[in-house]
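Some notes on the structure that comes next.
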Amino acid sequence: MRNSFTYQGSAAHIVFGEGKSDEAGAWVEKLGCKRALVLSTPHQRADAETLAERLGPLAVGVFAGAVMHTPIDITAKAMEAVKQSGADCLVSLGGGSTTGLGKAIAYRTDLPQVVIPTTYAGSEVTPILGQTEGGRKTTVRHASILPEVVIYDPGLTLGLPVGMSVTSALNAMAHAVEALYAQDRNPISSLMAAEGLFAFKTSLPRIVEAPGDREARAEALYGAWLSGTVLGTVGMALHHKICHTLGGTFDTPHAETHAIMLPHTAGYNAAALPDLLGPVARMLGGSVGGGLWDFAKSLGAPLALKDLGLSEADLDRAATIATENPYWNPRPIDRQSIRALLQDAWEGNRPTN
Ligand code: NAD
């Protein structure tokens, strides 16, 4: 890989540090903007309103309607708010759902975005937008989608509940694990992926024990930046395909689905890639899949798809859809193997690879 690769750095401006979200207004001005529309989910409305107050005359309103998977009817409502407010930029405060709404607006208007992430999902550093219409999810990749400025303020993640912190972090770790064996990986993406995994490995047990541990929160958010960045720069494989199938067709929750599937998909690929995934096994003190499963269990993460409301009868259809138009994967995929992998994930079995 070191003899032949292509590499392009991200155009995004990254600002990292406790209290840095106080600089949101300065970044709006640096972008040459004067009229920011603040976005959030209904759950984070109060925080979005506080942020708008802090922005003072730079804020022209709050749209607190973001929901999971960026449905286009919500985007249409937000577009109306953009038009009525005369907004010239977006400030998104929240997790992947809020970031997704900001990206959907930017894709339609090319408005610049300042994103202040409060989960570890990593969407803020990718040029990828997933949208849903009539229950169908489609994905687009475009330069206008990549946020211009991302402000990582660990203080804003202190209130992320422990359960969500764990599943969100395992979602991010899945980006990093798949980046390690991506077909188009490069030395920088592999370094970032390994560093991101290590950041979560060290910080997550501390967050579970003490959710207010500021140092551990900063370390996890650092891992989120690294893992999100590799998601945005190299291609994903079997793991993301299965999670998109389960989320898109059976509406399983995003972060939990990633958390449950990761040990199984990584274990499946580890059988073909002992070298590339060796660092994961060594870091977690076991086999790749087994080590990830033990780590998830130690953090209290969900381990079985059956606990997400998926019925055993759905597994046949899931295996068919996941193998119909497969993404590139380092280990060949066949329906029978994926069906068996799904059965193990449904039951919550510990992978052996
Ligand atoms: P989310 O944004 O849906 O957040 C879940 C809930 O937690 C929301 O109610 C939110 O308001 C709340 N929340 C967020 N941060 C909080 C905090 N610090 N304290 C308390 N509550 C908080 O969840 P997510 O997992 O971050 O995002 C999932 C979405 O992001 C999915 O739609 C997924 O497809 C998308 N995503 C996209 C990409 C991409 O590159 N396009 C990457 C990752 C995820």
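The values are calculated or read from the model by the stated rules, or taken from the named source; none is laboratory data. Because the structure is predicted, anything quoted here is derived from the model rather than measured. Heads up, the Cβs are rebuilt from the backbone with ideal geometry, glycines too, and the neighbour counts pull from every protein chain shown. What goes into the accessible areas is simple: the full protein's heavy atoms, side chains included, and nothing from ligands, DNA or RNA. Shrake-Rupley method; radii C 1.70, N 1.55, O 1.52, S 1.80 Å.
For the range 13-157, give the share of DSSP beta bridges that are antiparallel, in percent and rounded to the nearest 5; count only bridges with both residues there.
Counting DSSP beta bridges with both partners in the range 13-157, the antiparallel share is about 25 percent.
About the centre of its Cα atoms, the range 162-347 shows a dipole size close to 260 debye [charges on the beta carbon of Lys, Arg (+1) and Asp, Glu (-1) only; nearest 20 debye]. Note on the range 162-347: Cα Rg divided by 2.2 N^0.38 Å, N the number of residues, gives 0.96. Per-atom-type breakdown for the range 217-353 gives carbon and sulfur 49% of the accessible area (1.4 Å probe, protein chains only).
Maximal additional length on extending the A143-R282 stretch stands at 46.4 nm, based on 0.36 nm per residue less the C-alpha distance. P(r) for the range 11-67, from all Cα pairs and a bin width of 10 Å, is 23, 49, 28, 0 %, short bins first.
Let's test the formula: R0 of 22 Å, r as the Cβ-Cβ distance of A210 and S10. What FRET efficiency results, to the nearest 0.05? Intermediate values should be presented prior to the final figure.
Details: r = 32 Å, r/R0 = 1.47.
With a Förster radius of 22 Å, E is 0.10.
Taking the C-alpha atoms only, the angle from helix 214-233 to the longest principal axis of the chain is near 80 degrees. For the range 202-245, the fraction of C-alpha pairs farther apart than 15 angstrom is 56 percent. Exposure check, 1.4 Å probe, all protein chains in place: Y327 carries approximately 80 Å² of accessible surface. Ranked by the mean number of other Cβ atoms within 10 Å of their residues, highest first, the peptides 62-74, 218-230, 248-260 fall in the order 218-230, 248-260, 62-74. The DSSP beta bridges internal to the chain are antiparallel in roughly 25% of cases.
For the peptides 35-41, 199-205, 136-142, 104-110, the ranking by mean Cβ contacts within 10 Å, running from highest to lowest, is 35-41, 199-205, 104-110, 136-142. Charged side chains reduced to their Cβ positions (Lys and Arg at +1, Asp and Glu at -1) give the range 13-157 a dipole of some 440 debye around its Cα centre. A simple spin-label model places pseudo-atoms 7 Å from Cα toward Cβ; at T109 and R45 they are separated by 2.0 nm.
Unpaired Cys in the chain, meaning no second Cys C-beta under 4.7 Å: C243.
Counting only protein heavy atoms and a 1.4 Å probe, the chain has 41 square angstrom of accessible area per residue. Direction-averaged projected area, Cα convex hull, the chain: 16.2 nm², rounded to one decimal.
Separation of the range 102-121 from the range 21-67 is 12 Å, based on Cα centroids.
For the peptides 114-126, 332-344, 233-245, the ranking by packing is 114-126, 233-245, 332-344, with the highest mean count of neighbouring Cβ atoms within 10 Å listed first. Only the Cβ atoms of Lys and Arg (+1) and of Asp and Glu (-1) were treated as charged; on that basis the dipole of the chain about its Cα centre amounts to roughly 460 debye. Helix 335-347 and the longest principal axis of the Cα set of the chain meet at an angle near 70°.
Angle between the Cα long axis of helix 72-85 and the longest principal axis of the chain, 0 to 90 degrees, nearest 10? Relative to the chain, helix 72-85 is tipped by roughly 20 degrees. Note on the range 152-219: Rg/Rh from C-alpha atoms, Kirkwood Rh, equals 1.03.
Near P112: Cβ cut-off under 9 Å, other residues only, Lys/Arg at +1 and Asp/Glu at -1. The net charge is -3. With only the Cα atoms considered, the range 13-157 has a convex hull volume of 91 Å³ per residue.
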